[in-house]
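Below is one structure, written out as structure tokens; the observations come after it.
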Amino acid sequence: MVFGVVWLFIAGCAMTRFAYQSKYIIEEVRQQYAPDLRTAVFRIHAEKKGQQVTLTGETDIAGARRVLEDRFRRAGYEVTDAIRLLPDTALHGKTYGVVRLSVANLRSKPSVSAGLETQALMGMPLRVLKREGHWYLVKTPERYTRWMNGGAFVLMTRDQFDSWAHSKKVIFTGGLGYAYSGPDVHSTPVTDLLTGGIMQFVNRDGDFTKVRLPDGTPAFVPSESIRPYDQWLRSRELTAENIERAAYSYLGVPYLWGGTSGKGLDCSGFTKNVFLQNGIMLPRDASQQIAVGIEVPIDDKLSKLRKGDLLFFGRRATGDKKERITHVGIYLGNGQFIHAGSDRAQVAVESLFPDDPAFAERRRQSLLHARRIIGAGPDKGVRTVAETMYDE
């Protein structure tokens, strides 16, 4: 009886040691290859029988899987790799997609009741990773990885996607609008449109342009509300005035957690869209956006700030808690900034100066950092729309 208890104790200790060791190895590799799980898939487990370790789970980073195998082998184990590498082979090569709605919702789980995490505009490309029922795990141009209903986008092979990517396209610049069944605003609407939506060009028809939506549906759009996509790309100029103009175009738009369109915006969805209009693809969340651009010092008079700088707000670090970024806005000059805040429930202009009637005391107290995107390049994490959408 005593022998049995001792054996179980020894075996239990061995399992505990392996549990700690495997957790350490997996976490170390994750930190190296997938430090931000909003932009990568990395769910790995290790099971041990004797000296045989079986790795299970899934990831979309092939290099991480190879390193994991090597690390466990160097630790003295024989390794069986049962990790599923995404995109899943069950997709049969259809690992690309293009959003077909004016705005498509991406959720935290494959369910309509799951939380709204972000959105993608019509014509935006997707990398499709796997399927679960009617839902697909997809990666957006800013690399955000979440679940989208299959009805919201067109599933494509690489050849089909390349054909779409290299076709002649137009971009909608008219704020809120419609595509119609005929060259007449009194004809039946086919879909609503939002600034940033992309469609295929067919031909010009008087005051209208005939387009083809990403799912192939023909439609007509007032020519004054669109621009050729390649021309639009070349015309992007990141200036303080252009950032301000784009920011004001969203003034009054309702606050929506997870929103990144003219129908509703959260704080980082607002800044992302403003810079998208100016040819820059910012990361999705405020806590990611703070990692790009150039740090700008903040003094009491905000003397170092310039119009167009990103302002970051949150909780200051304390002895037992790390600093936490919870909000972002755009500086307009003279102490004023524009942002999408849940407290105002819309995009609004407020001030960081106490003598201004629009003073937002809460924001001034929680102002932590400022970053400048204007003048910052790829070495500062700033990526353009051209290099992230279709690699044109």
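The values are calculated or read from the model by the stated rules, or taken from the named source; none is laboratory data. The shown structure was predicted, so the numbers you read here are calculated from the model rather than taken from an experiment. Methodologically, a virtual Cβ is constructed for each residue, glycine included, from the backbone with ideal geometry; neighbour enumeration extends over all protein chains shown.
Descriptive notes on the structure:
- Considering ARG371, ARG306, the condition of being within 18 Å of TYR248 (Cα to Cα), outside any helix (DSSP H, G or I), modelled with pLDDT of 95 or more and basic (Lys, Arg) is satisfied by ARG306 alone.
- When residues in segment 309-362 are screened for being acidic (Asp, Glu), within 23 Å of ARG284 (Cβ to Cβ) and at pLDDT 95 or above, 1 of them pass.
- The strands (runs of 3 or more DSSP E) located wholly in segment 5-114 that include 1 or more residues which are polar (S, T, N, Q) and loosely packed, with under 12 Cβ neighbours inside 10 Å occupy 52-59.
- Checking VAL274, VAL328 one by one, the residue that is farther than 13 Å from ALA370 by Cβ, of a type in the set (Val, Ile, Thr) and buried (at least 23 other Cβ atoms within 10 Å of the Cβ) is VAL274 and no other.
- Count of segment 70-89 residues which are of a type in the set (D, E, K, R) and closer than 24 Å to THR157 by Cα: 2
- Selection status of ASP285, surrounded by 13 or more Cβ atoms within 10 Å (Cβ to Cβ) and either within 29 Å of TRP147 (Cβ to Cβ) or free of Cβ contacts under 8 Å to residues at least 24 places away in the same chain (or both): yes
- Some residue of segment 127-141 being within 21 Å of THR195 (Cβ to Cβ) and surrounded by fewer than 22 Cβ atoms within 10 Å (Cβ to Cβ): yes
- Restricting segment 373-392 to residues that are of a type in the set (A, V, I, L, M, F, W, C) and surrounded by fewer than 18 Cβ atoms within 10 Å (Cβ to Cβ) leaves a set whose member that is nearest to ASP309 (Cα to Cα) is ALA376.
- Within segment 368-392, residues that are under 11 Å from GLY279 (Cα atoms) and touching a residue at least 60 places away in the same chain (Cβ under 8 Å) reach partners that are crowded, with 16+ Cβ neighbours inside 10 Å and acidic (Asp, Glu) with beta carbons closer than 8 Å, at six or more positions or on different chains, in the pairs THR388/GLU142.
- Residue count for segment 331-346, restricted to those that are out of contact with any strand residue (DSSP E or B) (no Cβ under 7 Å at 6 or more places or on another chain) and either on the phi > 0 side of the Ramachandran plot or assigned to a strand (DSSP E or B) (or both): 2.
- Cβ pairs under 9 Å, 6+ apart, first in segment 135-158 and closer than 13 Å to MET124 by Cα and free of Cβ contacts under 8 Å to residues at least 12 places away in the same chain, second hydrophobic (A, V, I, L, M, F, W, C) and buried (at least 19 other Cβ atoms within 10 Å of the Cβ): none
- Meets criteria (of a type in the set (Gly, Ala, Ser), surrounded by fewer than 13 Cβ atoms within 10 Å (Cβ to Cβ) and at negative phi) for SER303: yes
- Leading residue by the ranking (farthest from GLY177 (Cα to Cα)) among those in segment 110-142 that are among the charged types (D, E, K, R) and in contact with a strand residue (DSSP E or B) (Cβ under 6 Å, 6 or more places away or on another chain): LYS130
- Those residues of segment 337-369 which are more than 19 Å from GLU295 (Cβ to Cβ) and either surrounded by 20 or more Cβ atoms within 10 Å (Cβ to Cβ) or not assigned by TED's automatic domain parsing to the domain that holds SER303 (or both), in sequence order: ILE338, HIS339, ALA340, GLY341, VAL347, GLU350, ALA360
- Apart from one condition, TYR136 fits all of (1) among the hydroxyl-bearing types (Ser, Thr, Tyr); (2) in contact with a helix residue (DSSP H, G or I) (Cβ under 6 Å, 6 or more places away or on another chain); (3) assigned to a loop (DSSP other than H, G, I, E, B); the exception is (3).
- Listing of strands (runs of 3 or more DSSP E) fully contained in segment 143-215 that carry 2 or more residues being at pLDDT 95 or above, over 20 Å from the mean Cα position of the chain (by Cα) and buried (at least 17 other Cβ atoms within 10 Å of the Cβ): 169-172, 176-180, 189-194, 198-205, 208-212
- Any hit, segment 347-359, residues being without any contact (Cβ under 8 Å) to a residue 12 or more places away in the chain, on the phi < 0 side of the Ramachandran plot and touching an Asp or Glu at 6+ places or on another chain (Cβ under 8 Å): yes
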